[in-house]
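Undergrad: The structure's right below; bear with me while I get my questions together.
Every number in this text was worked out from the coordinates using simple rules, so none of it is lab data. Remember, it's a predicted structure, so these values are computed and weren't measured experimentally. Using ideal geometry, Cβ is built from the backbone for each residue, glycine included, and neighbour counts are taken over all protein chains shown.
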Amino acid sequence: MRTIKIILLSALLLTANITLFSQVKYKQETEELRRSSIAAGFLYTEGGFGIHGTYYIPTGRITDLMIKLSLSGVSDDSEVEYYDPYGNSYIKNKVNRVFMMPLSIGIKHNIFYDDLEGNFKPFIRGGVAPTLVMTTPYNQSFFAAIPDMQTGFAVGPFAGAGIEYYESKTLGMSIALDYYYLPVIGRKITSLYNQPIDNMGGAQISFTMLFLK
């Protein structure tokens, strides 16, 4: 259900952006190729919010090698938050806070770059994402639990699509929908008691600020 909601939300946002950006067109006698060398932003995953940063290395006229590092929380699909009579929240049977840090390495390719006028350009991307998974005990406070952190590992492919918008010669932004498939390798990762999480991936929407060159 969360995946469906994310996909629907992303589709609405992409449609709105296409409509907006198509109204802001410009023509130049000699259009400069715009590309980003670094980017940063935040993302919404099935487990919550996160942050990310990306470095791009040109491999072709409209193709870049992308190296993206992100950090976000992870939750089990069956987690339900409750409140006690005093207003304190808790999650029944929760034993660990779970975080993941994927290093996404892949290719980003702008499509229809020369066919579309205006300052928005769609793209597709894909690759592989080795992922560090971290867990801390839920029965301890956030910072007190850090010394008891344990780590795990996941790895798998990702693919996605999005739209870039060039605000100026040096600044832009983008929105993208990606899907990650990240099966856990080795140590079991659990958020709820006796319910291992087999796949750390899922759908995610990323909002990014582009620093153009």
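Undergrad: In nm, to one decimal, how far is the R61 label point from the V128 one, both placed 7 Å along Cα→Cβ?
TA: Each label point is offset 7 Å from its Cα along the Cβ direction, giving 3.0 nm.
Undergrad: What ranking do 150-156, 197-203, 55-61 get when scored by the average of other Cβ atoms within 10 Å per residue, highest first?
TA: 197-203, 150-156, 55-61
Undergrad: Here is a further query. Which one of N119, Y86, M173 is farthest out on the positive end of the charge dipole of the range 70-208, using unit charges on Cβ (Lys, Arg +1; Asp, Glu -1) and the Cα centre as origin?
TA: In the range 70-208, that residue is Y86.
Undergrad: Could you order the peptides 180-186, 78-84 from most to least packed, using the average number of other C-beta atoms within 10 Å per residue?
TA: Highest mean packing first, the order is 180-186, 78-84.
Undergrad: For a test of the definition: using alpha carbon positions, the gyration tensor, and the 1.5 limit on a/c, classify the range 60-207 as rounded, prolate or oblate.
TA: prolate
Undergrad: Mind listing the long-range amide H neighbours of L192? Cut-off is under 5 Å, sequence gap 5 or more, other chains count too, H placed in the peptide plane at 1.01 Å from N.
TA: V95
Undergrad: Plugging the Kirkwood radius over Cα pairs into Stokes-Einstein for the range 160-213, at a temperature of 4 °C and a viscosity of 1.567 mPa s, what D comes out in µm²/s?
TA: Once the numbers are plugged in, D ends up at 95 µm²/s.
Undergrad: Take the alpha carbon gyration tensor of the range 96-156, find the square roots of its eigenvalues, order them as a ≥ b ≥ c, and report rounded if a/c is under 1.5; if not, report prolate when a/b exceeds b/c, else oblate.
TA: Judged from the Cα gyration tensor, the range 96-156 comes out prolate (a/c at least 1.5, a/b above b/c).
Undergrad: Now for a separate question. So if I take the centroid of the Cα atoms in the range 135-213 and the same for the range 35-109, what is the distance between those two points in Å?
TA: Using only Cα atoms to place each centre, the spacing works out to 3 Å.
Undergrad: If the viscosity is 0.890 mPa s and the temperature 25 °C, what Stokes-Einstein diffusion coefficient in µm²/s follows for the range 122-213 when Rh is the Kirkwood radius over Cα pairs?
TA: Result for D is 157 µm²/s.
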